[in-house]
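Asker: Sharing a structure, written as structure tokens. Questions coming.
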Amino acid sequence: MNTPDRELLAVPMRTPASANEIYSGVARMAGTLWCTRHRARPGKTARTAVVAVHPSSNFLGHYALGAFARAGVDAIGMTTRYIGNDTALLLENCVVDVGSVVRHLREEGYERVVLFGNSGGGGLVSLYQNQAERPTITAAPAGGGPDLTQADLPPADALVLAMAHPGRAQLLAEWLDPAVRSEQDPFDRDPDLDLFDARNGPPYTTEFLRRYRAAQVARSEAITAWAEQKLAELDERGIADAPFLVHGVCADPRFLDLSLDPSDREPGTLWGDAWNANFQPAALGHYTTLRSWLSQWSLSRSRGDGPARLRTVDTPVHVVYGTADQGCFPSHARALYDAVPHDRKALTPIKGGKHYLVGQLELTALMVDTLLDWLDDVPA
């Protein structure tokens, strides 16, 4: 068995970071995207590079890097400019950052670059490939941000969407707590829409779910309308952006009712008990800014809808999901797979696989072997 050679990889950013997005002056001045590389052979460049991608998670120590390198390809865990802090994140900047890494690897001599979009990385790599093949986006939803039609976005040779959801906006809309009646007080609650009121379930009736899902969308759209109004007010004051708080961000009925989107998962969330996770600070979308909300969390404004972006993608796509995943469900995987318009695609369940395959080394190796076998067989 090969012993992977690990190294730190510094990739120059193709566009500078803004003071409105990153508070650290050192990070802005450095202009560097930090990655880790696990080489299959020390001192040698493999034919294929697999790049683990997420909008903000620290993938420098991604769980699959060593497994990919042991299987014979070079594995890169990349970070975007928003590593560890997505409060002011613009998806459009993340696309540029992915492009910086892909271009750097091409220049190093890799013949094939595969984007491994894990979790929230699935929607990001779908958006990236869509814009690399057919660029249309000229600014972020609230204005500003990069013009992707003028960016340097080399297309990847294949996409892997692993334990992925359709996109950050779509996921948050499914998780938003519609019982919250006041955006300032999460405990001012509508009992008829309260997921955690035992009178409503689980199990939840079809009628309750219909009203619940509609109310989630309505809340998302109300926040979007408010954010756009606030941005207009700030513009009159010469201010670019402002932060705000979103309460109740972990209330998907699937967390409590396992008959919905059935799988091998246990009740609960990636953060534990759903009631607590719904209010705790360390959850998706809890802290954000007006511009960032429109770019990454707004159902109607964000460009990060994975299935919508995949409908025009020409490159091969492999969707892999864990059947015990508490955050990304089988319907998510199916939606991504079904959106791909060609037949150079695959859909693979990992039996018993959790969201990040934590402590599941055998399943990690199985996933990697399955993906590399597919890459060997898929037509270019």
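Asker: Pick out, in residue order, every one of the trypsin sites (Lys or Arg not before Pro) in the range 144-201 that is DSSP loop and has at most 13 other C-beta atoms within 10 Å; say none if there are none.
Answerer: ARG199
Asker: On to the next question. Hey, got the dipole for the range 280-380? About the Cα centre, +1 on K and R Cβ, -1 on D and E Cβ, debye to the nearest 20?
Answerer: 620 debye
Asker: Nearest 20 debye, what's the magnitude of the dipole of the range 228-280 about its Cα centre given +1 on Lys and Arg Cβ and -1 on Asp and Glu Cβ?
Answerer: Rounded to the nearest 20 debye, it is 120 debye.
Asker: Once phi is turned into θ = phi - 60°, what whole-Hz ³J(HN,Hα) does the Karplus curve with 6.51, -1.76 and 1.60 give for every residue of the range 51-68, x standing for Gly and Pro?
Answerer: Calculated HN-Hα couplings, in order: 10, 7, 10, 8, x, 9, 5, 7, 9, 4, x, 4, 5, 9, 4, x, 5, 5 Hz.
Asker: Add +1 for every Lys or Arg and -1 for every Asp or Glu among the other residues with Cβ under 11 Å from the Cβ of ARG254, and state the total.
Answerer: Cβ neighbours under 11 Å give a net charge of -4.
Asker: Over the chain, calculate the relative contact order: mean separation of alpha carbon pairs under 8 Å at least 6 apart, over the residue count, as a percent.
Answerer: Dividing the mean separation by the residue count of the chain yields 16 percent.
Asker: Follow-up. For helix 206-236, report the angle its Cα long axis makes with the longest principal axis of the Cα atoms of the chain; keep it between 0 and 90° and round to the nearest 10°.
Answerer: 80 degrees
Asker: While we're here: Could you tell me the center-to-center distance, by alpha carbons, between the range 297-314 and the range 151-211 in angstrom?
Answerer: 17 Å
Asker: Further, regarding this structure: Give the long-range amide H neighbours of LEU33: residues separated by 5 or more places, or on another chain, with amide H under 5 Å away, using H modelled in the peptide plane at 1.01 Å from N.
Answerer: VAL11, MET13
Asker: Using each residue's phi in the range 5-13, evaluate 6.51 cos²θ - 1.76 cosθ + 1.60 at θ = phi - 60° and report the 3J(HN,Hα) Karplus result to the nearest Hz, with x for Gly and Pro.
Answerer: After applying 6.51 cos²θ - 1.76 cosθ + 1.60, I find 9, 9, 8, 8, 10, 9, 10, x, 6 Hz.
Asker: Which Cα, out of HIS38, MET13, VAL95, lies furthest along the positive dipole direction of the range 1-98 (beta carbon charges, K/R +1, D/E -1)?
Answerer: Toward the positive end, the furthest listed residue is HIS38.
Asker: Give the aspartates and glutamates whose C-alpha is closer than 15 Å to that of LYS351, dropping any in the same chain fewer than 8 places away, or say none.
Answerer: ASP264, GLU266, ASP325, GLU362, ASP369
Asker: Continuing with this model, one more query. Enumerate the aspartates and glutamates that LYS44 could reach by cross-link, defined here as Cα to Cα under 18 Å, with residues fewer than 8 away along the same chain left out.
Answerer: Correct list for LYS44: ASP5, GLU7, ASP74, GLU107, GLU108, GLU111.
Asker: So if I place +1 on the C-beta of Lys and Arg and -1 on the C-beta of Asp and Glu, and nothing else carries charge, what would the dipole magnitude of the chain be about its Cα centre? I want it in debye, nearest 20.
Answerer: Taking the Cα centre of the chain as origin, the dipole is about 720 debye.
Asker: Hey, what number do you get for the chain at 222 nm if only DSSP H runs of n ≥ 4 count, each worth -39500 (n - 2.57), divided across all residues, to the nearest 500?
Answerer: Mean residue ellipticity, 222 nm, calculated: -9500 deg cm²/dmol.
Asker: Over the chain, give the accessible area per residue in Å² for a 1.4 Å probe, as an integer.
Answerer: 41 Å²
Asker: If you take the charge dipole of the chain about its Cα centre, with +1 on Lys and Arg Cβ and -1 on Asp and Glu Cβ, which of VAL320, ALA277, ILE76 is farthest toward its positive end?
Answerer: Sorting the options by dipole projection puts first ILE76.
Asker: Report the local net charge at THR323: Lys and Arg +1, Asp and Glu -1, summed over other residues whose C-beta lies under 9 Å from its C-beta.
Answerer: 0
Asker: Rounded to whole Hz and in sequence order, give me ³J(HN,Hα) for the range 274-287 from the Karplus expression 6.51 cos²θ - 1.76 cosθ + 1.60, θ = phi - 60°, writing x for Gly and Pro.
Answerer: Taking θ as phi minus 60°, the curve returns 5, 4, 5, 4, 4, 10, 5, x, 7, 8, 5, x, 5, 10 Hz for the range 274-287.
Asker: Count the net charge of all other residues whose Cβ sits under 11 Å from the Cβ of ALA19, scoring Lys and Arg as +1 and Asp and Glu as -1.
Answerer: In short, -1.
Asker: Related question: For a test of the definition: using alpha carbon positions, the gyration tensor, and the 1.5 limit on a/c, classify the range 133-292 as rounded, prolate or oblate.
Answerer: Judged from the Cα gyration tensor, the range 133-292 comes out oblate (a/c at least 1.5, b/c at or above a/b).
Asker: Given SER56, GLY117, ASN85, which one lies farthest toward the positive end of the charge dipole of the range 41-160, if we put +1 on the Cβ of every Lys and Arg and -1 on the Cβ of every Asp and Glu?
Answerer: The Cα lying farthest towards the positive end belongs to GLY117.
Asker: Once neighbouring chains are kept in place and the probe is 1.4 Å, which whole percent of the accessible area of the chain is contributed by carbon and sulfur?
Answerer: Answer for the chain: carbon and sulfur cover 52 percent of the accessible area.
Asker: Amide H neighbours of ALA139 under 5 Å, at least 5 residues apart or on other chains, H built in the peptide plane: list them.
Answerer: Here the answer is LEU148, since their amide H atoms fall under 5 Å of that of ALA139.
The values are calculated or read from the model by the stated rules, or taken from the named source; none is laboratory data. Because the structure is a prediction, the values reported are computed rather than measured. Virtual Cβ from ideal backbone geometry, glycine too; neighbours counted across all protein chains shown. Areas reflect the complete protein model, heavy atoms only, side chains present, ligands, DNA and RNA absent. Shrake-Rupley method; radii C 1.70, N 1.55, O 1.52, S 1.80 Å.
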